[in-house]
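Data first, discussion second: the structure below is written as structure tokens.
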There are 2 protein chains.
Amino acid sequence: MHFTRVLQHITSYEAGKPIELVVREYGIKREDIIKLASNENPYGTSPKVLQSIQLEAMSLYPDDSYYELKDGLAAHYGVDSQNIVIGSGSDQIIEFCIHALHKEGLKILHAGVTFAMYGIYAKLYGAEVIKTPDNAHNLAQFLESYQTHKPDIIFLCVPNNPLGECLESKQIEDFLAQISPDTLVVIDGAYQEYATYKDSARSINPSHFITTYPNVIYLGTFSKAYGLGGMRVGYGIAQKDIITALHKVRPPFNITTLSLQAAIQALKDQEFIHSCIQKNFEEMARYEKFAKDHAIEYIPSYTNFITYHSDKIQSSKCCQWLLERGIIVRDLASYGLNAFRITIGTKEQNTRVLACIQQYLEQ
Amino acid sequence: MHFTRVLQHITSYEAGKPIELVVREYGIKREDIIKLASNENPYGTSPKVLQSIQLEAMSLYPDDSYYELKDGLAAHYGVDSQNIVIGSGSDQIIEFCIHALHKEGLKILHAGVTFAMYGIYAKLYGAEVIKTPDNAHNLAQFLESYQTHKPDIIFLCVPNNPLGECLESKQIEDFLAQISPDTLVVIDGAYQEYATYKDSARSINPSHFITTYPNVIYLGTFSKAYGLGGMRVGYGIAQKDIITALHKVRPPFNITTLSLQAAIQALKDQEFIHSCIQKNFEEMARYEKFAKDHAIEYIPSYTNFITYHSDKIQSSKCCQWLLERGIIVRDLASYGLNAFRITIGTKEQNTRVLACIQQYLEQ
């Protein structure tokens, strides 16, 4: 059998190690494991969402129009339902974008270090992946690359996973003004709820962006602030011609019936989101203080994680040390960095993680 | 923006009308609506599955290795875990197969009338779709088409949705013996649990097939007999080289955390499956008797649905009549047939459906 040639160069996405694996491989009790590797919401899911789930609907396919969820998102963002496409996580919409623009010689452009799925999906469709020299988003470099390579799709991760830095809304507008309307610009706002809370200058208004720049698609997700990482619901907001094209590549029933129920309710409980984000930044301050106290470099973060990168710590060694003690964080060695990313956990979790890093430093 | 040219020819999958839509469009009360349009299990989900769901895991990504589910399936089918890939419904694995074999000039072959997603996914990847002249599976025609067109992928839907007929295992073996190992043969067993119950000669043993014919992939689903239509879990069973290729095109976290929980438990409750299937065929006998009593032609079915096709009934008119009375069945006009497919419901549902068809005939 002759598999498509692009598969030769595919390395699969490296997911955060699941708790189950640490139980199996290290014989650590499930209740003793802290997983802060996948930027899940450590406060779980809104109790109102938990109460609303009707399990008996598991046997029934969802309303594939996702009518009520789109209505909720449309009201939340001040756009029309027809401007919205629903994905199995926002990462499925990344695939939709690449599939919908697919052609021989497709090119995408993204930051030096950013969400790995942009590149993975691109390669799966045989596209060429161009990265800026800098790891973090540098729009001058983006512009230079754009002019040189004329990419078909530009990915801006705002804020950027796995680094944590975040472009300002105004900077992005200045950049977009110089981009041809033939180039699709994906603004991935998976962590936007956090950035918006921390600094309004970094808040993206999708309605404004898609109206002013009809070649923009904004991506959002229920996996982070909304506490539904396991339910796989994301969305794209764009002008109708883009949404129509994405709907053509969307498989039917791409989210589950319970995911649909959960997302509809989660959107209604903004109080829960607000309280989670508030605690997130209170707890992040402890990681910042710890870093300063130990002269560890870190990237100021607009998300629910913090990235430590320091010559004082060999990231792979430290991550392995933590793993053997039941703490899962994300080593960024696979991104070519001596750095590791820690999801900001609950107060108790962070106390244990910081104590464990302290022990590592003192050994 | 220039969308990929294949999108021009894409018509999206026509999903069964959801209950929500009938509530909205016809103002019929939700509790008065009977949906027998999508071959969902009318007996719902096993109570043991319902009890096992841990909602608080919604915020956590699933164990992306799907270790426990693959282990369960491996034991159930007598294969190795490495022979298994998990999909968001078995239809995602159809897409994986087409994506993994994608090339300029890819060709697929399927029956004249069969599951629409084979053709839809093929067209999304720019492949050529070849159909046999007969609507139902006719292996002589398949062989002739195979020899003429040398397709890269052959889809056998066993039993066939939306017609209900089912090839015998022995017939498929005789066919496979004449097919080059370079051609991927997909045996879609979405309704196999029903066929196996009704006639052992039509039961497919995936372990035997993939061992004897290494170019075969068997597809199964939790959406039908297992009562998890809304949870989107399917699987593919094949030799390791095929599975490895499919894993490369599989997105991470392609099923939800609760779907994973549900599928693991559902597989353990074979008693529930058996009792649902038993009732299915008891109730199907009523539809067969009704058809004979009214001289309506139908296709003997090895599934959980029955297809009526008769010059006496204009299917679109009859389906609309039923819809206005809160009964959703599937008109097959979009397949070019004057026929409609009814999922076998519960005793009470079937009583109302048959009475309503009777009224339609008498008007």
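Name the residue that is surrounded by the most Cβ atoms within 10 Å (Cβ to Cβ), counting only residues in the stretch A:198-225 that are in a helix (DSSP H, G or I) and small (Gly, Ala, Ser). That would be A:207. Could we say that residue B:201 is in contact with an Asp or Glu (Cβ under 7 Å, 6 or more places away or on another chain), modelled with pLDDT of 95 or more, more than 19 Å from residue B:214 (Cβ to Cβ) and not hydroxyl-bearing (Ser, Thr, Tyr) here? For residue B:201, the condition - in contact with an Asp or Glu (Cβ under 7 Å, 6 or more places away or on another chain), modelled with pLDDT of 95 or more, more than 19 Å from residue B:214 (Cβ to Cβ) and not hydroxyl-bearing (Ser, Thr, Tyr) - is met. Could you please let me know if residue A:111 is over 28 Å from residue A:347 (Cα atoms) and in contact with a Cys (Cβ under 9 Å, 6 or more places away or on another chain)? It is true that residue A:111 is over 28 Å from residue A:347 (Cα atoms) and in contact with a Cys (Cβ under 9 Å, 6 or more places away or on another chain).
Quick check: is even one residue across the stretch B:35-43 within 20 Å of residue B:332 (Cα to Cα), of a type in the set (Ser, Thr, Tyr), at pLDDT 85 or above and not in a helix (DSSP H, G or I)? Scanning the stretch B:35-43, I find at least one residue that is within 20 Å of residue B:332 (Cα to Cα), of a type in the set (Ser, Thr, Tyr), at pLDDT 85 or above and not in a helix (DSSP H, G or I), so the answer is yes.
Picking from residues in the stretch B:177-197 that are buried (at least 20 other Cβ atoms within 10 Å of the Cβ) and touching a residue at least 60 places away in the same chain (Cβ under 8 Å), the one that is farthest from the other protein chains (Cβ to nearest Cβ) is B:195.
Per-residue answers, yes or no, for (1) more than 30 Å from residue B:354 (Cβ to Cβ); (2) within 7 Å of another protein chain (Cβ to nearest Cβ); (3) surrounded by fewer than 20 Cβ atoms within 10 Å (Cβ to Cβ); (4) at pLDDT 95 or above:
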| position | (1), (2), (3), (4) |
| --- | --- |
| B:30 | no, no, yes, no |
| B:45 | no, yes, no, yes |
| B:62 | yes, yes, no, no |
| B:71 | yes, no, yes, yes |
| B:77 | yes, no, yes, yes |
| B:81 | yes, no, yes, yes |
| B:88 | yes, yes, no, yes |
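Do the conditions hold for residue A:288, that is, is it away from chain B (no Cβ under 14 Å), in a helix (DSSP H, G or I) and either touching a helix residue (DSSP H, G or I) at 6+ places or on another chain (Cβ under 7 Å) or crowded, with 18+ Cβ neighbours inside 10 Å (or both)? Here the answer is no, as residue A:288 does not meet what is asked.
Here is the figure for the stretch A:47-60: residues that are β-branched (Val, Ile, Thr) and more than 7 Å from every other protein chain (Cβ to nearest Cβ) total 1. From the list A:257, A:221, A:211, the lone residue that is in contact (Cβ under 8 Å) with a residue 60 or more places away in the chain, more than 9 Å from chain B (Cβ to nearest Cβ) and at negative phi is A:221. Confirm whether residue B:283 is part of a helix (DSSP H, G or I), touching a residue at least 60 places away in the same chain (Cβ under 8 Å), more than 14 Å from chain A (Cβ to nearest Cβ) and charged (D, E, K, R). Criteria met by residue B:283. The test for being surrounded by fewer than 16 Cβ atoms within 10 Å (Cβ to Cβ), modelled with pLDDT under 95 and not assigned by the TED database to the domain that holds residue A:188 does not hold for residue A:310.
It is to be established whether one or more residues within the stretch A:314-337 are in contact with a strand residue (DSSP E or B) (Cβ under 9 Å, 6 or more places away or on another chain), polar (S, T, N, Q) and crowded, with 20+ Cβ neighbours inside 10 Å. Yes: the stretch A:314-337 contains one or more residues that are in contact with a strand residue (DSSP E or B) (Cβ under 9 Å, 6 or more places away or on another chain), polar (S, T, N, Q) and crowded, with 20+ Cβ neighbours inside 10 Å.
The values are calculated or read from the model by the stated rules, or taken from the named source; none is laboratory data. None of these values were measured; they are calculated from a predicted model. Quick reminder, even Gly has a Cβ in these numbers, built from the backbone with ideal geometry, and neighbours come from all protein chains shown.
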